[in-house]
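Report on the following structure.
The values are calculated or read from the model by the stated rules, or taken from the named source; none is laboratory data. Predicted model only: the values in this text are computed from it and were never measured. Neighbour counts are summed over all protein chains in view; Cβ atoms, including those assigned to glycine, are modelled from backbone coordinates with ideal geometry.
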Amino acid sequence: MSLPAWLEERLLRAGGRVPFRTYMEWVLNDPEHGAYGAGRLSIGPGGDFATAPSLGPEFAALLAPQIARWLLDLPQERLSLVETGPGEGSLAAQLAEVLVSGWPQLAGRLELVLVEPNAGMAARQRQRLEGCPLPVRWSSFEEMAAAPLSGVVLAHEVLDALAVERIERSGGQWRRQQVTLREGRTLRLEPGDPLEPEDEDRLEPLGLLPLDPRRPEGWCSELHPGLSPWMAACAAALARGRLLVIDYALEAWRYYAPQRSNGTLMAYRAQRASSDPLLEPGHWDLTAHLCIESVLEAAEAAGWSVLGQRRQGEALLALGLAQRLHGLQQPSLSAAQDCGAAGGEGLAALLARREALLRLVDPAALGDFRWLAFSRGEGSPALDSVAELFLQEPGEGA
C-alpha cells in the first residue's frame, strides 16, 4: 500500500519528520484516517485482534464479583462503573448483564459510563449496548471532573494504546526516534534529537543510564509519557473508588533488558502481528507493553494509592476460575452421546467455553497480563496481604 496522501501532506507540513509519538497518535486516533479514530479496527477472533471479552462471557462473569465487591464497599447512594477505551463494548455489555442478574439491588443505583475519545469506536459501542440493562452514557474524564464520581474505573487493554515515545541509542547518547519522509514517498525510522537533561532523569530509575555497552548503537525501546496525564485526568474524575488496570506489562528490568533490542512495540491486523510500525498507516493497530514502574510512578504522582498487582492467571484463579473450569471438564453425558444437532452444538459450546477459560490463564496467551489495582479517597485499605486483593466473594450476593 502506498503512503496515504493525508499522511504525506502532514509530514511535509512538519518539515518531513515528526517524533514517533506524533506519528502513532495520528495513525491510531485521527478522526478520519486513524485505525481507532475512524472505527476501522475490528476486535474479536474474526477481527484484527482478540481480547479476553471477545472470547465470550467467561471473563466478565469472573470479573463481575470483584467489581461488585468494590462497589458495595462504597457508601454513596449513586455509583458508577466507568470503562475507558471500551473497544466494541463487549465487556461493558457483559458486565452489565451479570451485575443486574447477580446484584439487582446494587444495579438499581449503578450507571455505566464509557470513556471513548474516538467517534468511530463510540458508534460501534452504541450499537452493541442497545438494550443495555443498566443506564449508560458516554463521557470524558474532563467532563466528569466537573462533578467527580464514586465507583470503579476499568482500564482493560487501553493504556497500551497510548502513544509512546521511542528512544534509540545513537552517537553515544539517547535520542528520540522519529518518522522521516524519504524520497520515493517512503517512511523510515531514524534517530532524531537528543533527550533533554530533564528527560534523561527518567531513564536512570529504569536502568537506562548510565549507558551500558550491552545496549549498542541502534538499540531502541519505548517510554510512556502519556501515563502521567492519563492517571491525573482519571484521578480528577473519580472522587472515591478503585481503578483496575488490566494490560500487558513488564517490570523495568525485563522491559529494558539488553537483549530486548527493539522494545515491545507491535502492529496487529487481521490476526497478524508485525514488528514494523510503518505498515499501511491507519490500518494497523499499534501497541506497546506497559512498564510497571512507570505505571506506579504516574499513579502515585496523581494521588492514587497502590493496592497491589497480580498476573491475570493468579487473579482469575482467586476469583473462581478453577471451579468454573472444573464444571466444564466433563460435559454432560447426554450432550456427548446425543448424535443430534442440538447435542453436538451443546458439546461444542462447552468445549469453546473451556478453551476460552484456558486461554485466559495460559502464560503464553493472556495469562501473563497484569492486573494493577489502585484506590482513591478511601484512606489505606485494610488488606492483610496482596493475596487478598482479588477475592471470590464480593460481600453481598443477589
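Laid out as a table, the results:
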| item | result |
| --- | --- |
| Criterion (modelled with pLDDT under 95, out of contact with any Cys (no Cβ under 6 Å at 6 or more places or on another chain) and of a type outside the set (D, E, K, R)) met by exactly one of GLY192, GLY218, GLY207, GLY172 | GLY172 |
| Subset of segment 297-324 that is of a type outside the set (A, V, I, L, M, F, W, C), in a helix (DSSP H, G or I) and modelled with pLDDT under 95 - its residue that is surrounded by the fewest Cβ atoms within 10 Å (Cβ to Cβ) | GLN323 |
| Criterion violated by GLU251 - all others in (1) within 28 Å of VAL82 (Cβ to Cβ); (2) acidic (Asp, Glu); (3) over 17 Å from the mean Cα position of the chain (by Cα) satisfied | (3) |
| Unmet requirement for PRO281, which otherwise passes all of (1) in contact with a Pro (Cβ under 8 Å, 6 or more places away or on another chain); (2) surrounded by fewer than 22 Cβ atoms within 10 Å (Cβ to Cβ); (3) more than 24 Å from GLU143 (Cβ to Cβ) | (2) |
| Residues located in segment 117-135, provided they are touching a Gly at 6+ places or on another chain (Cβ under 9 Å), buried (at least 18 other Cβ atoms within 10 Å of the Cβ) and among the aliphatic types (A, V, I, L, M) | MET121, LEU129 |
| Considering residues of segment 182-198 that are free of Cβ contacts under 8 Å to residues at least 60 places away in the same chain and either touching a Pro at 6+ places or on another chain (Cβ under 9 Å) or hydrophobic (A, V, I, L, M, F, W, C) (or both) only, the residue surrounded by the fewest Cβ atoms within 10 Å (Cβ to Cβ) | ASP193 |
| Selection from segment 1-25 of residues that are of a type outside the set (Phe, Trp, Tyr) and either part of a strand (DSSP E or B) or in contact with a Pro (Cβ under 9 Å, 6 or more places away or on another chain) (or both) | MET1, LEU3, PRO4, LEU7, ARG17, VAL18, PRO19, ARG21, MET24 |
| Which listed residue, of ALA50, ALA68, ALA38, is among the small types (Gly, Ala, Ser) and more than 21 Å from ILE246 (Cα to Cα) | ALA38 |
| Qualifying residue in segment 23-36 (condition: under 16 Å from GLY89 (Cα atoms) and either modelled with pLDDT under 95 or of a type outside the set (Val, Ile, Thr) (or both)) | yes |
| Among (1) surrounded by fewer than 20 Cβ atoms within 10 Å (Cβ to Cβ); (2) at positive phi; (3) out of contact with any Gly (no Cβ under 7 Å at 6 or more places or on another chain); (4) of a type outside the set (Ser, Thr, Tyr) - the single one GLN76 does not satisfy | (2) |
| Residues that are among the polar types (S, T, N, Q) and closer than 16 Å to GLU165 by Cα, drawn from segment 253-274 | SER261, ASN262, THR264 |
| Residue in segment 325-334 that is buried (at least 17 other Cβ atoms within 10 Å of the Cβ), among the aliphatic types (A, V, I, L, M), at pLDDT below 80 and at negative phi present | yes |
| Residue that is nearest to SER139 (Cα to Cα), among those in segment 207-224 that are surrounded by fewer than 17 Cβ atoms within 10 Å (Cβ to Cβ) and either in contact (Cβ under 8 Å) with a residue 40 or more places away in the chain or among the charged types (D, E, K, R) (or both) | GLY207 |
| Filter result (modelled with pLDDT of 95 or more, touching a helix residue (DSSP H, G or I) at 6+ places or on another chain (Cβ under 9 Å) and not in a helix (DSSP H, G or I)) within segment 55-84 | LEU79, SER80, LEU81, VAL82, GLU83, THR84 |
| Condition broken by GLU8, with the remaining ones in (1) in contact with a Ser or Thr (Cβ under 7 Å, 6 or more places away or on another chain); (2) within 30 Å of ILE167 (Cβ to Cβ); (3) at pLDDT 95 or above satisfied | (1) |
| Any hit, segment 102-112, residues being in a loop (DSSP other than H, G, I, E, B) and under 18 Å from the mean Cα position of the chain (by Cα) | no |
| Qualifying residue in segment 159-166 (condition: touching a residue at least 12 places away in the same chain (Cβ under 8 Å), among the hydrophobic types (A, V, I, L, M, F, W, C), part of a strand (DSSP E or B) and surrounded by 17 or more Cβ atoms within 10 Å (Cβ to Cβ)) | no |
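Conditions tested, residue by residue: (1) at pLDDT 80 or above; (2) under 26 Å from the mean Cα position of the chain (by Cα); (3) of a type in the set (A, V, I, L, M, F, W, C); (4) within 26 Å of LEU71 (Cβ to Cβ).
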position: ALA341; (1), (2), (3), (4): no, no, yes, no
position: GLY344; (1), (2), (3), (4): no, no, no, no
position: ALA348; (1), (2), (3), (4): no, no, yes, no
position: LEU360; (1), (2), (3), (4): yes, yes, yes, yes
position: TRP371; (1), (2), (3), (4): yes, yes, yes, yes
position: LEU391; (1), (2), (3), (4): no, yes, yes, yes
